[in-house]
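What follows is one structure encoded as structure tokens, with my remarks underneath.
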Amino acid sequence: MTRSAVAGLGALALTLLAGPASGASAVPPSPVSIAGLFQVVVGLAVVLAAIFGTGWLLRRLGPAQGGGGVLRVVGGVMVGPRERVVLVEVGDEWLVLGVASGGVRLLHRLPRPTAEQPAAGATEASAWLQRLRTGTGPRP
């Protein structure tokens, strides 16, 4: 192959690579259309709604709701701005816990009420909490 043939092939390759951008038939870039921008915004809104919807659904149906575990919160009451008394069921007993910003403390243990008398255990727990609140009951 001669030098002129190699130069001709090189020029042809450059012309093909450059494409219509170097010629007179180049198409000017199109401006962004309102319809295209609207489509992008709607697509983004759909994706964000799907993310938040999935998060909400997982919180509602997820296992974090205590589905069948050995620990169950029966009830609780606020006794101060940052303090609570919580009644927790663990196995066959109820624990009365004091929860504060500094930690958790066991206040009292109660036997779990049987299925025949669920109100008796709740009454005993509420009576104990009432004595604790009024100051007439034993202090731990």
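With a Förster radius of 25 Å applied to the beta-carbon distance between E124 and V77, the computed FRET efficiency rounds to 0.95. Between V90 and L58, the simple spin-label model (points 7 angstrom out along Cα→Cβ) gives 2.9 nm. Close amide H partners of W94, meaning residues 5 or more places away or on another chain with modelled amide H under 5 Å apart, are L110, R112. Residues of the stretch 90-113 with backbone nitrogen within less than 19 Å of a virtual label 7 Å along the Cα-to-Cβ line of V70, please, listed as ranges. Within reach of a label on V70, which here means backbone N under 19 Å from a point 7 Å along Cα→Cβ, the stretch 90-113 contributes 90-97, 106, 109-113. Annotation: amide H-H contacts under 5 Å for G76 (H modelled 1.01 Å from N, sequence separation of 5 or more, or interchain): L87.
A short reminder: the numbers here are calculations on the coordinates, not readings from a lab. Keep in mind the model is a prediction, meaning the values are calculated, not measured. A quick note on method: Cβ atoms are made from the backbone with ideal geometry, for glycine too, and the neighbour counts reach across all protein chains shown.
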